[in-house]
1. For region 5-31, which positions are exposed (fewer than 15 other Cβ atoms within 10 Å of the Cβ) and within 8 Å of the ligand (Cβ to nearest atom)?
2. Could you look through region 59-94, keep only residues that are closer than 24 Å to S21 by Cβ and open to solvent by 80 Å² or more (accessible area, probe 1.4 Å), and pick out the one that is farthest from the chain's Cα centre (by Cα)?
3. Consider G56 against the criteria (1) over 24 Å from E139 (Cβ atoms); (2) exposed (fewer than 15 other Cβ atoms within 10 Å of the Cβ): it satisfies all of them except one. Which criterion is unmet?
4. Hey, can you tell me all the residues within region 30-54 that are under 13 Å from the mean Cα position of the chain (by Cα) and not hydrophobic (A, V, I, L, M, F, W, C)?
5. Go through A78, A47 for me and flag whichever is assigned to a loop (DSSP other than H, G, I, E, B), aliphatic (A, V, I, L, M) and closer than 17 Å to E102 by Cα.
6. Of the numbered conditions (1) closer than 22 Å to S129 by Cβ; (2) not assigned by TED's automatic domain parsing to the domain that holds A128, L66 satisfies every one except a single condition; which is it?
7. Which residue out of M1, M50 is open to solvent by 50 Å² or more (accessible area, probe 1.4 Å) and under 30 Å from Y131 (Cα atoms)?
8. From the list N100, N35, pick out the single residue that is within 16 Å of the ligand (Cβ to nearest atom), without any contact (Cβ under 8 Å) to a residue 60 or more places away in the chain and open to solvent by 60 Å² or more (accessible area, probe 1.4 Å).
Amino acid sequence: MRCPACHNMENRVLESRAAESGQSVRRRRECLKCNHRFTTYERVEFAPLMVVKENGNRESFDREKLVRSLTRICERTAIGTAQIETMVSSIEATLQQRTNREISDSELSELVLRELQPLSEAACIRYASTYCQFENITEFLETLARVNSDPTNLTNSIEFAVAKSRSLN
Ligand SMILES: [Zn+2]
């Protein structure tokens, strides 16, 4: 971070604290060269996430739409509204951590399947048969196997992100 007074790159952080009700971190810095003090803010980047459809069309990621689809899919299962919200938040958090702002329809489906899998096999299969364009049953089974064997634990990655953002404060 360049000093606004002398353009020197080196400075030290005098103070860090949460600002804008936790939406950002405010840091007071002091230039090591001219001792000028200045303030920086660090925020999570919320660039819009785009979903690339099978036909190449792009649409912005719509959290409410995903909640509605999952609500339909989870009818007559033990999965309740709160769990659906948790699943969608977890998917959204995963997407926000990606550097790539675009996700394909099929990648998104895999994230959904990964969330559904441990909760309800029935919902998982219902989702796959409604939203995933599988060429044949083999492809579907392969996707399920991949979802199962993937060691990436979404909960862990979210916990990691939370711990990391706390350590910055
Ligand atoms: Zn300076």
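The values are calculated or read from the model by the stated rules, or taken from the named source; none is laboratory data. Here the structure is a predicted model, which means the values were calculated and not measured. Ideal geometry is used to build each Cβ from the backbone, glycine not excepted, and the neighbour counts take in all protein chains shown. Side chains included, ligands, DNA and RNA excluded: accessible areas come from the protein's heavy atoms. Shrake-Rupley method; radii C 1.70, N 1.55, O 1.52, S 1.80 Å.
1. Selection gives A5, C6, H7, N8.
2. E64
3. Unmet condition: (1).
4. Of everything in region 30-54, those that are under 13 Å from the mean Cα position of the chain (by Cα) and not hydrophobic (A, V, I, L, M, F, W, C) turn out to be E45, P48.
5. Working: A78 fails: closer than 17 Å to E102 by Cα.
After applying the criteria, what remains is A47.
6. Condition not satisfied by L66: (2).
7. Criteria check complete, one pass: M50.
8. Details: N100 fails: within 16 Å of the ligand (Cβ to nearest atom).
Sole residue among the options that is within 16 Å of the ligand (Cβ to nearest atom), without any contact (Cβ under 8 Å) to a residue 60 or more places away in the chain and open to solvent by 60 Å² or more (accessible area, probe 1.4 Å): N35.
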